[in-house]
Structures are given as C-alpha cells and as structure tokens.
1. Given +1 on the Cβ of Lys and Arg, -1 on the Cβ of Asp and Glu, and no further charges, what dipole in debye does the chain carry about its Cα centre, rounded to the nearest 20?
2. Asp121's amide H: which non-local residues (gap 5+, or another chain) put their own amide H closer than 5 Å, with H modeled 1.01 Å from N in plane and none for Pro or chain starts?
3. On a 0 to 90° scale, report how tilted helix 3-22 is relative to the longest principal axis of the chain, with both axes built from alpha carbons and the result rounded to the nearest 10.
4. With unit charges on the beta carbon (Lys/Arg positive, Asp/Glu negative), name the residue among Thr95, Gly162, Ala84 whose Cα is farthest towards the positive pole of the charge dipole of the chain.
5. Report ³J(HN,Hα) in whole Hz for each residue of segment 87-95, in order, from the Karplus equation J = 6.51 cos²θ - 1.76 cosθ + 1.60 where θ = phi - 60°; Gly and Pro get x.
6. ³J(HN,Hα) across segment 185-202 via Karplus (A = 6.51, B = -1.76, C = 1.60, θ = phi - 60°), whole Hz, x for Gly/Pro?
7. Using only DSSP helix segments of four residues or longer, with each worth -39500 (n - 2.57), what per-residue ellipticity at 222 nm results for the chain after dividing by its residue count and rounding to 500?
8. Taking only the alpha carbons of the chain, what extent do you get along each of the three principal axes, in Å, biggest first?
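Derivation of every value follows stated rules applied to the coordinates shown; laboratory data play no part. Keep in mind it's a predicted model, so treat the numbers as computed, not measured. Heads up, the Cβs are rebuilt from the backbone with ideal geometry, glycines too, and the neighbour counts pull from every protein chain shown.
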Amino acid sequence: MRPRAVIAGALFWACTRACLAASPAPDPDVILRQAFDHYRAGTSESRVVMTIHRTDWERRLELTADTHGHDDALVRFTAPAKDAGSATLQLAGETWVFNPRLNQVIRLPQSMLSRSWMGSDFSYSDLAKSEDLLTLYTHRLTATRLDEGHAVWTIEATPRPGAPVVWGKVAVTVRDDWVIVEETFFDQDFKAARRMTTDKIGRLDGRPYPVSMTMQPLDQPGQWTRVETQEAHFDIPLPGWVFTLSNLQTPRR
C-alpha cells in the first residue's frame, strides 16, 4: 500500500473514532427494540436449517417459521421424516406444542419456556426472540466500538425487581444496522452460562440479517446448535388462521 493511502486511511479511522466518541450515547432501550423489530419485522416467513452438534453425534433438521408482530410465531419441522410435522406455536404470550405421533396439542407452562427446544441448545423463549428481554429487564449501554465501518454497541440487561426470569443478566451486542451479533447469558451468580454468536451476516429480502447463528453452552465444550436461514421474506401478508391452534394441529399449507 502506498504511504499516502496509509496516511489517508489512518486519518479516516481517527476522524471516525473521534466522531463516534463525540456523538451522544444512543438509548439502549431503543437499540434493543430496533434490533428485535429488525429481526422479526411486522411479519416474516422463513426456511431454516438447524444443526444440533454433540461430541459423539450430530443431526440436521429443517423447518419453516412464520411470525407476526411481537407475540405470534409458528415453527413447523419438515425434515427428517421422524420429526416432520412437529410444531410449536407462540400465541398471545402462550406456547403450544404439537406432537404428530400422538396427534396431541400441549400447552407449555411458563416454567418450561427456558428448557431445550427439540433437544437443541436453544430454548422455547429463544424460538422467536421473546419479548422478555425488552420488558422484564432494564438496559444499560456498557461499550461502543467500531468494527468494519459499523458502530457496535454492547448493552447489559439486568432483571427488574421480582421479574420471573432465569438469567441473572444478559449482555447483547448490536451493530448499527440493527443486527444482533452476540448474546451472552449469565446465571444468577453472574457466571457466563451460554453464548449465541452470529457467524455470518448476509442480505435476505433486502435487509442485513444474521443468516447463521450458533448457540453454545459454555460449560460443555464441543456442544452447540447452529441455525442457518436459507430464505426469508419480511412484512408480507399472512392470513390470521396461520397462528391458530387448528392450523398448528392440521396445517392448511
């Protein structure tokens, strides 16, 4: 690289850092709301591959996911054959699971939402970006940095007094294009218990999106679950019957 180019580049980054430092600190509540809204949009429809990895085995599942607003989501597995038809519906703050082998719909109590979803390292609350992080925690901006031309913010979320939550705190890192790049979950003793990292950011339906995300329990090396979004569409019309118990059990499409 030519000396002038090196100097110009150094001046550019120095100016960028100075501007970033001088700009008012953004509101962490606004950052998290924007990030969650960006992830789900008003409505969304996606096709996803989930890989569950253990030290001695690995399995791959395929699924479709529909979301509406902040509360409604339907996830249905399409492969492999033994899991096809299994589905989870989040509707108005409640979670329902359909087991096609038993032809049975079960409502999950709140106490089970933090448990493993389909044997993975993701929980039912992780399934559709539960609003709990926004409503049951207070938020504090703890760090701001530059990364590949993006401002990147780290936000610490701590439970509100009496909030019925599992985690002692959560650290969330968000880029200025509203992509969540990392979440670290701490237990009640404030020890890091698991971490979700965005492995790849791509463009889906015209927006930057975390197309590959991995969740890993930090006390179990070699264990992780990765979700890779193959296709997604946002802010599209979705009929109301999609998010119903009847469609959970007997899909209309």
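1. Around 380 debye, computed over the chain.
2. Amide H neighbours of Asp121: Thr225.
3. 70
4. Of the listed residues, the answer is Ala84.
5. With coefficients 6.51, -1.76 and 1.60, one gets 8, 10, 10, 9, 9, 6, x, 10, 10 Hz.
6. Karplus values, whole Hz, x for Gly and Pro: 9, 10, 6, 5, 8, 6, 9, 4, 9, 7, 9, 10, 10, 8, 7, 8, 10, x.
7. -5000 deg cm²/dmol
8. Taking the Cα atoms of the chain, the three principal extents are 69, 42, 42 Å.
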